[in-house]
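The values are calculated or read from the model by the stated rules, or taken from the named source; none is laboratory data. Worth saying up front: this structure is predicted, and the values here are computed from it rather than measured. Note that each Cβ is placed from the backbone with ideal geometry, even for glycine, and that neighbours are counted across all protein chains shown.
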Amino acid sequence: MTAEPGRALREPGPATGDGSVPAIFLDGVRFGFHVDGRQTEVIGGLDLEIAPRSIVAFVGPNGCGKSTLLRVIAGLLPARAGTVEVEGRPVTGPDARVGLVFQEPRLLPWRSAFANVAFPLEVAGRDREARERRVTDLLGLVGLRDWSRARPAELSGGMRQRVAIARALALEPAVLLLDEPFSALDSLTRERFNVELLRLWERIGATIVLVTHSIAEAVFLADRVVVLSPRPAQLVADLVVDLPRPRRPGDLDAAAVTRTAAEIRAHLEGATDDAFAVAAGDVPAHAQPDQAIP
Amino acid sequence: MIRDRVVPPLVALAAFLAGWQLLVFVGNYPPFILPGPLVVGERFVVAWTDGTMAPHVVTTLAEIGCGFVGGALAGMLTGYVLARSRLANRVLSPYLVAGSAVPILALAPLIALWFGSGLFAHSVIVALIVFFPVAVSTWVAVHGVDRRLLEMARSYRVTRGQRLRMVELPAALPGILGGLRIGVTLAVVGAIIAEWTGGETGLGVLINLARGSLFDIPLLFAALLTIALIGVALYSLVVLVERRYAIPAV
């Protein structure tokens with residue numbers, strides 16, 4: 001990331017095909033850790049453009065750096081090389097334009113649901129009245145208006161994650177990043193949450209990027225599925241999900257879904273020897289493992 | 001419900017007093033060796049009503065108050081710095097361990113030599129004895145604050161002050177209060193030790209007087225009883241604060 005905000009402000013950033021600025025733009029992004037003096041490459045030169053108001057899913061084997069990539073986009077980790085831009089402006093640190101939902105809810109246990117959602121607003125110095133208005137709206141948006149006074153310990157796992165999503169939306173980010181947000185939920189709840197997430201997305205009009213282990217989930221939710229290789233993470237495939245919106249759980253049986261899922265699976269199996277690293281059994285396994293990899 | 005909470009302690013107290021009286025009766029000890037609970041109780045009431053006790057209690061409470069607040073604040077600050085600065089940890093932690101190993105009894109005469117025997121000197125001794133458990137418990141508590149919560153806070157661009165006030169302090173509060181619990185009872189001990197090194201009034205001074213020139217052993221016991229009651233009251237106060245403010249993690 002080159003930290004030259006002045007220059008970046010004058011340059012609106014690279015344009016997408018239809019002339020608008022991409023919500024997220026990655027150009028040659030690299031990231032690595034130093035472990036015992038040895039450099040481990042986690043993200044190995046990634047180029048990606050994500051259109052505004054789209055939903056993109058990152059899938060890849062365990063530990064391939066998907067979560068790290070989200071943190072780089074959110075500005076929590078600095079890219080070692082390359083450019084990260086959100087709405088045409090570089091990300092140089094934790095950024096209000098990006099809302100990040102972690103794998104765990106990460107709520108402050110001593111705060112009520114209401115006060116947890118208010119946390120980013122307090123940090124940003126919004127006055128009490130503005131906070132109350134915004135938090136009430138957000139709790140309504142995630143269906144928890146009646147639970148505003150409850151402490152996290154009094155909420156179910158799913159409710160906690162909804163509070164976390166409401167908190168991430170508090171500052172009206174243009175981009176919402178979700179790091180396996182529903183992985184701790186049982187499969188039925190998870191399915192319902194995916195439907196709710198789509199409804200939420202239609203109302204907030206933000207760009208959503210989510211990391212998931214579930215191929216079915218990726219196909220159901222996303223416009224595009226980006227398949228990443230094992231460390232260092234590189235782009236293996238970038239697939240468009242050809243499924244009309246609004247989508248319903250019943251759509252998961254459509255032929256297009258099965259085909260796309262099989263394609264993703266083939267890419268994943270090509271990218272890793274350990275097919276079980278991908279959540280096995282998410283999709284009927286009639287994908288042909290020996291399919292040609294482009 | 002309330003009966004289950006009140007009756008057993010009362011029965012235990014009655015048994016303790018009965019055992020004490022029995023020991024005095026069987027051993028036939030004179031009051032200047034081991035006074036019975038009735039004698040001590042009577043002396044306790046008299047010392048409070050004739051105005052012997054009150055000025056000593058006021059002095060001791062003032063020392064405990066000043067010393068505890070000073071020592072606890074210094075302890076929390078040190079503990080926080082140790083938890084958040086690797087350099088401070090390397091440089092200071094050996095001294096903290098060494099310092100907490102030095103008995104306050106050995107240090108008290110030195111403090112008296114430097115600072116005399118007034119409220120300030122005695123408060124310094126109290127502060128010293130309170131400092132170590134509070135510093136160590138704050139250190140451990142802040143160090144143990146869930147890193148995932150800190151990362152969450154960072155993603156919303158908290159300032160250092162906001163992080164401290166909105167995340168670290170509330171998260172570390174149960175641990176810090178644990179240190180304050182230990183510290184508050186030690187504060188009482190510190191005040192008595194401080195008063196033994198010199199002073200005009202204070203419960204430690206009263207103990208010395210009762211043992212020495214007055215030779216009033218029941219009064220000594222009455223002073224001990226007062227000290228114990230102060231300890232229990234202060235401890236209960238911290239527990240009360242704990243119940244009100246410390247919310248354990250999920």
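Which one of the conditions (1) within 14 Å of chain A (Cβ to nearest Cβ); (2) at pLDDT 95 or above does B:Val250 fail to meet, given that it meets all the rest?
Against the list (1) within 14 Å of chain A (Cβ to nearest Cβ); (2) at pLDDT 95 or above, B:Val250 comes up short only on (2).
Consider A:Ser148 carefully, then state whether it is surrounded by fewer than 21 Cβ atoms within 10 Å (Cβ to Cβ), more than 12 Å from chain B (Cβ to nearest Cβ) and either under 15 Å from the mean Cα position of the chain (by Cα) or more than 30 Å from A:Asp127 (Cβ to Cβ) (or both).
Taking the combined requirement at face value, the residue does not satisfy it.
Assuming B:Ser117 fulfils every condition listed in (1) modelled with pLDDT under 95; (2) assigned to a helix (DSSP H, G or I) apart from one, which condition is it?
(2)
Assess whether A:Ala113 counts as being at pLDDT 90 or above and either closer than 20 Å to A:Leu178 by Cα or within 11 Å of another protein chain (Cβ to nearest Cβ) (or both).
When the stated conditions are applied, A:Ala113 passes them.
Just to be sure, is B:Gly198 within 14 Å of another protein chain (Cβ to nearest Cβ) and at pLDDT below 95?
On the way: within 14 Å of another protein chain (Cβ to nearest Cβ): no; at pLDDT below 95: yes.
When the stated conditions are applied, B:Gly198 does not pass them.
For segment B:114-152, name all the residues that are crowded, with 23+ Cβ neighbours inside 10 Å and out of contact with any Gly (no Cβ under 8 Å at 6 or more places or on another chain).
B:Met152
Name every residue in segment A:79-104 that is small (Gly, Ala, Ser) and away from chain B (no Cβ under 11 Å), in order of residue number.
A:Ala79, A:Ala81, A:Gly82, A:Gly88
Name the residue, out of A:Phe193, A:Phe182, that is modelled with pLDDT under 95 and surrounded by 21 or more Cβ atoms within 10 Å (Cβ to Cβ).
The unique qualifying residue is A:Phe182.
Restricting segment B:127-149 to residues that are facing chain A (nearest Cβ under 10 Å) and not in a loop (DSSP other than H, G, I, E, B), which is nearest to B:Leu173 (Cα to Cα)?
By that ranking, first place goes to B:Leu149.
In segment A:164-174, how many are within 12 Å of another protein chain (Cβ to nearest Cβ) and either out of contact with any strand residue (DSSP E or B) (no Cβ under 9 Å at 6 or more places or on another chain) or basic (Lys, Arg) (or both)?
Looking only at that region, the number is 1.
Return the total of residues in segment A:23-67 being within 20 Å of A:His213 (Cα to Cα) and of a type in the set (S, T, N, Q).
3
If a residue must be farther than 18 Å from B:Leu149 by Cα and assigned to a loop (DSSP other than H, G, I, E, B), how many such residues does segment A:79-104 contain? Break it down into steps so the answer makes sense when it comes.
Keep residues of segment A:79-104 that are farther than 18 Å from B:Leu149 by Cα, which gives A:79-92, A:97.
When the remaining residues are screened for being assigned to a loop (DSSP other than H, G, I, E, B), the result is A:79-80, A:87-88, A:91-92, A:97.
Adding up the residues that qualify gives 7.
Going through segment A:22-37 one residue at a time, which ones are out of contact with any strand residue (DSSP E or B) (no Cβ under 7 Å at 6 or more places or on another chain) and more than 18 Å from A:Leu76 (Cβ to Cβ)?
Hits for segment A:22-37 are A:Val35, A:Asp36, A:Gly37.
State the number of residues belonging to segment A:248-294 that are part of a helix (DSSP H, G or I) and modelled with pLDDT of 50 or more.
Qualifying residue count, segment A:248-294: 22.
Give the residue, chosen from B:Arg86, B:Arg5, that is assigned by TED's automatic domain parsing to the domain that holds B:Arg165 and at pLDDT below 95.
Going through B:Arg86, B:Arg5 in turn, just one is assigned by TED's automatic domain parsing to the domain that holds B:Arg165 and at pLDDT below 95: B:Arg86.
Can you go through A:Leu76, A:Leu121, A:Leu107 and tell me which one is at pLDDT 95 or above, assigned to a loop (DSSP other than H, G, I, E, B) and within 11 Å of chain B (Cβ to nearest Cβ)?
Matching residue, one of A:Leu76, A:Leu121, A:Leu107: A:Leu107.
Exactly one of these conditions fails for B:Arg163: (1) in contact (Cβ under 8 Å) with a residue 60 or more places away in the chain; (2) over 14 Å from the mean Cα position of the chain (by Cα). Give me its number.
In the conditions (1) in contact (Cβ under 8 Å) with a residue 60 or more places away in the chain; (2) over 14 Å from the mean Cα position of the chain (by Cα), B:Arg163 misses (1) alone.
Would you pick out the residues in segment A:113-149 that are of a type in the set (Asp, Glu) and either touching a Cys at 6+ places or on another chain (Cβ under 9 Å) or farther than 16 Å from A:Ile165 by Cβ (or both)?
Answer for segment A:113-149, where residues must be of a type in the set (Asp, Glu) and either touching a Cys at 6+ places or on another chain (Cβ under 9 Å) or farther than 16 Å from A:Ile165 by Cβ (or both): A:Glu122, A:Asp127, A:Glu129, A:Glu132, A:Asp146.
Within segment B:74-89, identify whether any single residue is surrounded by 19 or more Cβ atoms within 10 Å (Cβ to Cβ) and closer than 28 Å to B:Thr201 by Cβ, and answer yes or no.
Yes; the residues of segment B:74-89 include at least one that is surrounded by 19 or more Cβ atoms within 10 Å (Cβ to Cβ) and closer than 28 Å to B:Thr201 by Cβ.
Collect the residues in segment B:150-176 that are within 10 Å of chain A (Cβ to nearest Cβ) and among the small types (Gly, Ala, Ser), keeping them in residue-number order.
B:Ala153, B:Ser155, B:Ala171
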